[in-house]
Amino acid sequence: MSSTAPSPVRVGLIGVGGICGFVHYPGLERIPGVDIVALADRNAELLAKRQQEWEVDHIYEDAAQMLSEIKPDAVVIATHNAVHKELIFQALDAGAHVLCEKPLGMDYAETVEIYEYAKRSGKRHMMAFTYRYVPAMNYIRHLIHSGELGEIRHARFQRLQDWGPFAIGWRQYKAMAGSGELGDMGIHRIDFAQDLMGPIRSVTASVKQWEAREQTRDGQTVPPQDVEDWVAWIAEFKSGATGVFEMGKLTRGQGPKGDHDLAEFNGTKGSAAYRLHAPHEVLLAGTGRDEAYKTVPVPAEFLTRPGSPRDPNEGDPNQIFRFDQAWEFISAIREGRDPKPSFYEGMRAQAVADSILLAAAERRWVDVPDVP
């Protein structure tokens, strides 16, 4: 019996730093028929290193030149946030499908502009909301959407790390990042909370900047950071459910490998919890008042996304689930459908993020704008 070879997809990578090396490249390179044809990055030294590591023929310090000369079918954009819009527009104008790192834009108004431009282009557009692909999250999505937990009444979301007081590059500057911990880790939790529980209606919040981060680890002096390194908010969902969120980069005892990452959902029929560092199991409890959480393995059908070429038992389980993101992107291109999550979800998450910052600045409840 003969099988049809998958249609080839030629991909260019724009921004080849840590997240590209950890998530995007290894996810794409294992998909049959995907050819990584070019790399683009403003850091010439890093670019040369990646070319040698990944054995890619064409490298460019100018993404526009890469798009013009190579004409890839698709691109992955993994740069600092301030240039997302410019690069997305260039890629769409060049006829490329786009997978973009989070957050989609610098503020809600910019994400609306980006989404509408992408929609008019007719190309596939996708957000890199990687935590949607955690096997435990796949299973909890099923439990919630199937009604097995009943009506979700309240939930809590925590991402606590210890990055220390040293400089963290572009992420500590509003002009390049838009926001700090909210745009870095909080935006992921906004996305998967809304994926699981529906739209957030209103928020109240607080933010703090605790460290100046004026010193690099090797002793160089840099401008102080001007974004938050801790953020917390309470959310009311349109369903009537409530959510409590906390994100921080300076929680001693929680890093670098002991990071605390929890999402817990309490329903009328039961409760479930996910922990990032146990991605192949969930905590489950039923309706009995005296019933404590039990650790339950994620069923096999939820360990990967359907058709994914990766083996869920290979490598580091805290990394490999992220490769299903590339599978969703390439599959959507081949099947002529919208990926999930698309730029729409990026825009919807940013509407909440902007409301959180406004609520913190004005110390009040803020209604989230209705996303069209």
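Going residue by residue through the range 10-30, is there one that turns out to be touching a residue at least 40 places away in the same chain (Cβ under 8 Å), surrounded by fewer than 20 Cβ atoms within 10 Å (Cβ to Cβ) and closer than 15 Å to K123 by Cβ? For the range 10-30, residues touching a residue at least 40 places away in the same chain (Cβ under 8 Å), surrounded by fewer than 20 Cβ atoms within 10 Å (Cβ to Cβ) and closer than 15 Å to K123 by Cβ: present.
Applying a threshold of 6 Å to beta carbon distances and a minimum spacing of six or more residues, or different chains, the list of pairs starting in the range 225-239 at a residue that is in a strand (DSSP E or B) and ending at one that is of a type in the set (F, W, Y) reads W233/F245. Residues that are part of a helix (DSSP H, G or I) and touching a residue at least 40 places away in the same chain (Cβ under 8 Å) were ranked within the range 59-87; the one that is nearest to the chain's Cα centre (by Cα) is N81. Taking the range 286-296 as the range and being modelled with pLDDT of 95 or more and surrounded by 12 or more Cβ atoms within 10 Å (Cβ to Cβ) as the test, only V296 passes. Residues in the range 226-278 that are β-branched (V, I, T) and touching a helix residue (DSSP H, G or I) at 6+ places or on another chain (Cβ under 8 Å): V227, V231. Taking the range 329-372 as the search range and keeping residues that are assigned to a loop (DSSP other than H, G, I, E, B) and among the hydrophobic types (A, V, I, L, M, F, W, C), which one is modelled with the lowest pLDDT? Checking each candidate, the answer is V371. Looking at the structure I just gave you, is E345 charged (D, E, K, R) and surrounded by 14 or more Cβ atoms within 10 Å (Cβ to Cβ)? Yes; evaluated as a whole, the condition is true for this residue.
From A300, A273, which residue is among the small types (G, A, S), at pLDDT 95 or above and under 21 Å from the mean Cα position of the chain (by Cα)?
Among A300, A273, only A273 is among the small types (G, A, S), at pLDDT 95 or above and under 21 Å from the mean Cα position of the chain (by Cα).
A single member of G95, G105, G150 is outside the structural domain of D195 (by TED's automatic domain parsing), at positive phi and modelled with pLDDT of 95 or more, and it is G95.
Evaluating V222 against the criteria (1) of a type in the set (A, V, I, L, M); (2) surrounded by 21 or more Cβ atoms within 10 Å (Cβ to Cβ); (3) more than 22 Å from the chain's Cα centre (by Cα) leaves one unmet condition, (2).
The values are calculated or read from the model by the stated rules, or taken from the named source; none is laboratory data. On a predicted model such as this, the values are computed, not experimentally measured, just so you know. Cβ atoms come from the backbone with ideal geometry, glycine included; neighbour counts cover every protein chain shown.
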